[in-house]
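Readers should treat all values here as calculations from the given coordinates under stated rules, not as data from a laboratory. Everything quoted here is computed from the prediction, not taken from an experiment. Note that we place each Cβ from the backbone using ideal geometry, even for glycine, and neighbour counts take in every protein chain shown.
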Amino acid sequence: MTVLMIISIIYWIISFLGGGIDNTDIDLDLDVDINADIDVDADVGTDFDLTNNNVDTITDNHIDTAVHTDPSVFIKFLHYINVGKVPFMIVLTLLKFFTWAGTLLATTIPTVSNLGMKSVVILIPLSFIAIFITHYATTPIARFLYNTGYHGEEAIDFIGKEGRMISSISAVKKGNVEILIENDPVKLLVTSKDGQPLSFGDKVLIINKSTDKNVYIAKKINT
């Protein structure tokens, strides 16, 4: 844990020297809609494009939609420690700090220090305690950031982005494409439009998102 804390300290020093805290934000596309209940009744119907958050008007339609999604335990955990409301690296650093501080305090107990390597099991309860403390430590930070105009880390819209294939695919096979976002490489899982073969190194355009939220649809760019 001490090594992890040293790495975190070095990270923050480099971040501040490199341009401040604004450059330390990490975009997380969690694609989670928790406890979503949508029930729309209208004389003039509406067509909701949930992927792009656009609303198009259609006449003489009736929509009665109910969406229920159960987030995974991991997603609930991220929300509990306020990831998305507070920049990820701040949350991670606090979580590591509280776990590290707990291990230091635990080693002052004679019965724990005498356990030797077996004392590593103490990390399990300490991790749960650290998660609990991190939740309450980040809650006022989240409130402060919200009141000062920070409303969570925005997800990247990959539709319309260009990239290069780093694997070869055909038919319904899935592969990876690399896209540069502000000079940072981001890898996406994609499938080919209409099963068109895509080879390693091909330049492609992301044209849509599959019904599987983690897969995008790519089309080859003819050059």
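What the table shows:
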item: Cα-based reach from LYS203 at 28 Å (exclusive), listing lysines while leaving out same-chain residues under 8 positions away; result: LYS161, LYS173, LYS174, LYS187, LYS193, LYS213, LYS219, LYS220
item: Sites PHE200 and ILE9, calculated FRET efficiency, Cβ-Cβ separation with R0 30 Å, nearest 0.05; result: 0.15
item: Under the Debye formula (equal points on every Cα, no solvent term), log10 I(q)/I(0) of segment 161-220 at q = 0.16, 0.20, 0.21, 0.24 Å⁻¹; result: -0.39, -0.61, -0.68, -0.89
item: Segment 161-220: antiparallel DSSP beta bridges as a percent of all, rounded to 5; result: 85
item: FRET E, pair LEU189, HIS79, Förster distance 35 Å, beta-carbon r, rounded to 0.05; result: 0.90
item: Lysines with Cα under 21 Å of LYS85, excluding same-chain neighbours fewer than 8 positions away; result: LYS76, LYS96
item: At R0 = 35 Å, FRET efficiency that the Cβ-Cβ distance of ILE129 and ILE181 yields, to 0.05; result: 0.45
